[in-house]
Structure formats: structure tokens, C-alpha cells
Amino acid sequence: MRHELLRERLRERRWRITPQRRSVVEALSGPNLHLTAEEIFARARAVVPEISRATVYNTLRELVEMGELAEMQIGPGPALYDPNAVVHHHHLVCSGCGRIHDIHPLGVKHLYLREEDRDGFELQRVEVVFHGRCRACEESEDT
Ligand SMILES: [Zn+2]
Ligand SMILES: [Zn+2]
């Protein structure tokens with residue numbers, strides 16, 4: 001069973017770590033993280049001020065290619081990076097503040113797309129996005 005924490009998985013793989021790369025990995029440590037490359041760059045730069053944007057982008061690409069970081073798209077904005085790349089999960093998105101939660105909805109395993117609805121596509125995976133409003137947004141509306 002692979003470790004749920006990106007940092008631990010990279011240690012097990014003996015991934016060559018530099019202070020720059022460490023700052024990127026640290027930016028991606030925590031639950032329910034779904035960050036844009038620019039957000040990761042800002043977090044990494046707070047730790048290693050001399051880090052370049054290219055280093056951050058190259059590191060992200062490498063981690064995605066290694067299968068240690070999931071790249072995802074919700075809506076029309078930039079791609080989001082999700083360090084929870086081991087446990088297959090789906091997302092719950094707040095339409096008020098954009099907060100994204102990892103969820104494990106029931107019944108998704110049996111979602112099925114009929115042959116005639118696939119338009120010749122070979123299916124690779126299923127991603128389900130639930131949209132709603134988080135408690136904080138609901139409460140701020142009430143006041
Ligand atoms: Zn919200
Ligand atoms: Zn996620």
C-alpha cells in the first residue's frame with residue numbers, strides 16, 4: 001500500500017530532493033489541497049525566495065509524470081494539482097468560495113456509459129464533481 005502523503009512517497013522512491021524541490025513538495029502537503037501552479041509557486045517562494053517559476057513548473061510536471069501528483073481541471077480555470085494521487089476520489093466544490101473537498105461518493109463505481117453514448121471513446125476513468133455551497137458561505141449569506 002503506497003503512502004498517502006506525497007512527501008513520504010517521494011522519500012520511499014528516493015527522489016532526489018533539493019531545497020527548491022522540497023519547497024514545492026511542502027507546498028503540496030496537507031489535506032484537501034487543490035492548488036494552481038501559481039499558488040504553489042507563491043507558497044514555494046515564501047520558503048525559498050530565489051526559486052524560479054520554471055523550476056516549480058518543471059517539478060510539477062515531473063511529479064505528474066511519476067504519477068505522484070494528480071493534475072485536474074474543474075471548470076474553465078487553470079489546472080489544479082492534487083497531492084492525493086494514490087486514493088482514487090472525487091470532488092465536492094463550493095460555488096461560493098471555490099473550496100474543493102475530496103470525497104468518496106457511494107455508487108460511483110457502478111456508473112456506466114452505454115456503448116451508444118460513448119461516441120467511439122475508449123474510457124479511461126470517471127471523475128464526478130458535486131457542486132454546492134459550503135457551510136461558511138451559507139452562514140455568511142444568512143447574516
Ligand atoms: Zn464556500
Ligand atoms: Zn482531490
Step through the residues of the range 34-41 one at a time and calculate ³J(HN,Hα) from phi using the Karplus curve (6.51 cos²θ - 1.76 cosθ + 1.60, θ = phi - 60°), rounding each to whole Hz and writing x for Gly and Pro. 9, 10, 7, 4, 5, 5, 5, 4
Spelling it out for residue 70: with amide H atoms placed in the peptide plane at 1.01 Å from N, the residues 5 or more places away or on another chain with amide H under 5 Å from its amide H are 82, 84, 85
The residues 125, 13, 21, 133, sorted from fewest to most surrounding Cβ atoms within 10 Å, come out as 125, 13, 133, 21
Scalar couplings 3J(HN,Hα) for the range 124-134 by Karplus 6.51 cos²θ - 1.76 cosθ + 1.60 (θ = phi - 60°), nearest whole Hz, x for Gly and Pro, are 10, 7, 10, 10, 10, 10, 8, 10, x, 10, 6
To make sure I understand, if each residue's beta carbon is the centre and we count other beta carbons within 10 Å, what order do 121, 41, 130 fall in, fewest to most? 121, 130, 41
List every residue whose amide H lies under 5 Å from the amide H of residue 134, counting only residues 5 or more places away in sequence or on a different chain, with H placed 1.01 Å from N in the peptide plane. 95, 96, 97
Mean residue ellipticity at 222 nm from the helices of the chain, using -39,500 (n - 2.57) per DSSP H segment of n ≥ 4 over the full residue count, to the nearest 500 deg cm²/dmol? -9500 deg cm²/dmol
Applied in sequence order to the range 71-83, the curve 6.51 cos²θ - 1.76 cosθ + 1.60 (Karplus, θ = phi - 60°) yields integer Hz couplings, x standing for Gly and Pro, of 9, 9, 9, 10, x, x, x, x, 4, 10, 10, 10, x
Sort 12, 26, 122, 62 so the one with the fewest other Cβ atoms within 10 Å of its own Cβ comes first. 122, 12, 62, 26
Bin width 5 Å, alpha-carbon pairs only: give the P(r) of the chain as whole percents, running from 0 to the bin holding the largest distance. 2, 8, 16, 17, 18, 14, 11, 7, 4, 1, 0
For the range 90-142, just say rounded, prolate or oblate: build the C-alpha gyration tensor, square-root its eigenvalues into a ≥ b ≥ c, call rounded for a/c under 1.5, and beyond that prolate if a/b exceeds b/c, oblate if not. prolate
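Any read-out appearing in this document is the output of simple, stated calculations on the displayed coordinates, not a laboratory observation. These numbers come from a predicted model, not from an experiment. Every residue, glycine as well, gets a Cβ built from its backbone with ideal geometry; the counts of neighbours run over all protein chains shown.
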